[in-house]
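Contents: one structure, followed by commentary.
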Amino acid sequence: MPSKNMTLFYSPASPFARKVLVLLHETGQLPTVELFDVQLSPVSPSGEVIARNPAGKIPALELANGDTLHDSRVILDYLDHQHSGEPLIPRDGANRWKRLSLASLADAVLDAAILIRYETFLRPEDLHWPTWLNAQQDKIERVLAELETQADTGQLQCFDIASISIACALGYLDFRQPQLDWRNRFPRLASWYAEASQRGSMLDSQPPA
Ligand code: 99T
């Protein structure tokens, strides 16, 4: 059993941390990481996290030498260099930039969904701004339309950085926006996700019920 030589500051609700957990699982590195569960939001930060990442965000990965890596993209890149299997982030060539751009689209869904979450959950109700909320929701809808095309053209067959990011983004939409009903509008993406979400790495990192 490999010794745990890294600590991941995370929360089971965080889709950004989930990407890291999924990559750790897919690459067999889960046993090397201690999980440190933190509760935080922009208005109630965690001192433990701030001590390691002044931005106060998770995931943050503390290495054996005391250095801390953030954000999720940097952590994923680092961890993908720590295993000897097939890389989940293509190392070079056109495919690298294609897959990273696709992963970035998934992160854009997450950024918009988290802005919506903070606006609706943290901000006093009388200060909610519908125009802002609708603009973020439109962003999500536009990206899902593009991901539907990607699913339809077989671009999500390989479970790499792009697919991991997309699967975690869809999981977060189901978690925080269960009413969204995206499956009806994006059936190819839905059928891809039905399969992807059954992988051991996805099942083991589900957000809280
Ligand atoms: O913004 C804050 O101060 C606290 N929020 C976070 O740390 C969120 C947790 S997801 N993480 C990020 O925003 C990380 C984004 C970064 N670009 C990355 O790591 O890729 C919490 C979601 C929820 O509770 O619903």
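The values are calculated or read from the model by the stated rules, or taken from the named source; none is laboratory data. No experiment lies behind these values; they were computed from the predicted model shown. We place every Cβ from the backbone using ideal geometry, glycine too, and count neighbours over all the protein chains shown. For accessibility, only protein heavy atoms count, side chains too; no ligands or nucleic acids. Shrake-Rupley method; radii C 1.70, N 1.55, O 1.52, S 1.80 Å.
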| field | Residues satisfying the stated conditions in the range 23-36, i.e. outside any helix (DSSP H, G or I) and either touching a Leu at 6+ places or on another chain (Cβ under 8 Å) or surrounded by 18 or more Cβ atoms within 10 Å (Cβ to Cβ) (or both) | value | 27, 29, 33, 34, 35, 36
| message | Pairs please, first residue from the range 103-122 and over 18 Å from residue 41 (Cα atoms), second anywhere and of a type in the set (Val, Ile, Thr) and more than 8 Å from the ligand (Cβ to nearest atom), Cβ atoms under 7 Å, 6+ apart in sequence or on different chains. | response | 103/161; 105/143; 106/166; 108/143; 109/140; 109/143
| said: I'm told residue 167 meets every condition in (1) of a type in the set (Gly, Ala, Ser); (2) out of contact with any helix residue (DSSP H, G or I) (no Cβ under 9 Å at 6 or more places or on another chain); (3) surrounded by 13 or more Cβ atoms within 10 Å (Cβ to Cβ) except one. Can you identify the failing condition by its number? | reply: (2)
| task | Residues being open to solvent by 50 Å² or more (accessible area, probe 1.4 Å) and not in a loop (DSSP other than H, G, I, E, B): count how many of those fall in the range 78-100. | result | 6
| Single residue of the range 101-123 satisfying the filter (more than 13 Å from the ligand (Cβ to nearest atom) and assigned to a helix (DSSP H, G or I)) that is surrounded by the most Cβ atoms within 10 Å (Cβ to Cβ) | 102
| request: Go through the range 37-75 and count every residue that is open to solvent by less than 50 Å² (accessible area, probe 1.4 Å) and under 22 Å from residue 115 (Cβ atoms). | output: 12
